[in-house]
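Heads up, the thing below is written out as structure tokens.
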Amino acid sequence: MRVNIADIKLEAGSHKKVPVQIAVESVELAGQAIQFDRPFAGEAEIWNAGDRLLVTATVTGEAALQCSRCLGPTTLPLEVSFEEEFIEGAPPEEMDEELDAEVEAGRTVSYYNGDEIDLSEPLRENVLLELPMKPLCSDDCAGLCPTCGTNLNEGDCQCGEATHTVDPRLAALKDLLRKPDSNS
């Protein structure tokens, strides 16, 4: 999404708010397909800080992906806030000390030419960073039975408790689950 900044570009201290709506393409991360069925929508505020433009934006949307425990489909609501600095001109061939210090401080810098800045790539990057490493359909997802593969959210499996033996190397950890006042 390109935003025209001609009206604030020449006067330091000027700013503007703009509505944003950006469609994010489906991606594959760690072997998992992630789809964004609807565009992310929200608002961006752009400030002229003299030698650069500072953009702060907050957008909301949804990601359709697979639960990491039960492997069922799930939709996660996402609210993504980010800041990005835009400097006019082309990126330098080599990083100078000033740019190196900004990267060290965790600030991200993008470059633009003319009277427009493109918010698509910063938004896409921040949406992907907002995705959980292990998405869950719910916090109490029971997952799959390790023996027969039944989805335990839908009911008990038919293989029975007897086959759910604890690995002998981890048996000592089972005692940690007992309550201090319990005799068993």
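Coordinate-derived values only; no laboratory data. This is a predicted model, so every value here is computed, not measured. No Cβ is skipped: glycine too gets one built from the backbone with ideal geometry, and neighbour counts run over all protein chains shown.
Each Lys and Arg Cβ is given +1 and each Asp and Glu Cβ -1; about its Cα centre, the chain then shows a dipole of about 1200 debye. Note on the chain: with a GNM built from Cα contacts shorter than 10 Å, the maximum mean-square fluctuation among Val27, Val59, Val166 falls on Val166. Here the relative contact order of the stretch 34-94, from alpha carbon pairs under 8 Å that lie six or more residues apart, stands at 32 percent.
With all pairs of separate Cα atoms included, the chain yields a Kirkwood hydrodynamic radius of 20.5 Å. Do the sum for the chain: with -39,500 (n - 2.57) for every DSSP H run of n ≥ 4, divided by all residues, what is the mean residue ellipticity at 222 nm, to the nearest 500 deg cm²/dmol? Here the helix-only value at 222 nm equals -3500 deg cm²/dmol. For the chain, what's the relative contact order in percent, using C-alpha pairs closer than 8 Å and at least 6 residues apart? Once divided by the residue count of the chain, the mean separation gives 18 percent.
Close amide H contacts of Gly143 (hydrogens built in the peptide plane, cut-off under 5 Å, sequence separation of 5 or more or a different chain): Cys70, Leu152, Asn153.
When the Gaussian network model of the chain links Cα atoms closer than 10 Å, the mean-square fluctuations of Leu173, Leu131, Leu123 top out at Leu173.
Were the residues from Gln32 through Glu125 laid out at 0.36 nm apart, the gain over their Cα-Cα distance would be 31.8 nm.
Counted by Cβ distance under 13 Å from Thr60, the other residues give a net charge of -3, where Lys and Arg count +1 and Asp and Glu count -1.
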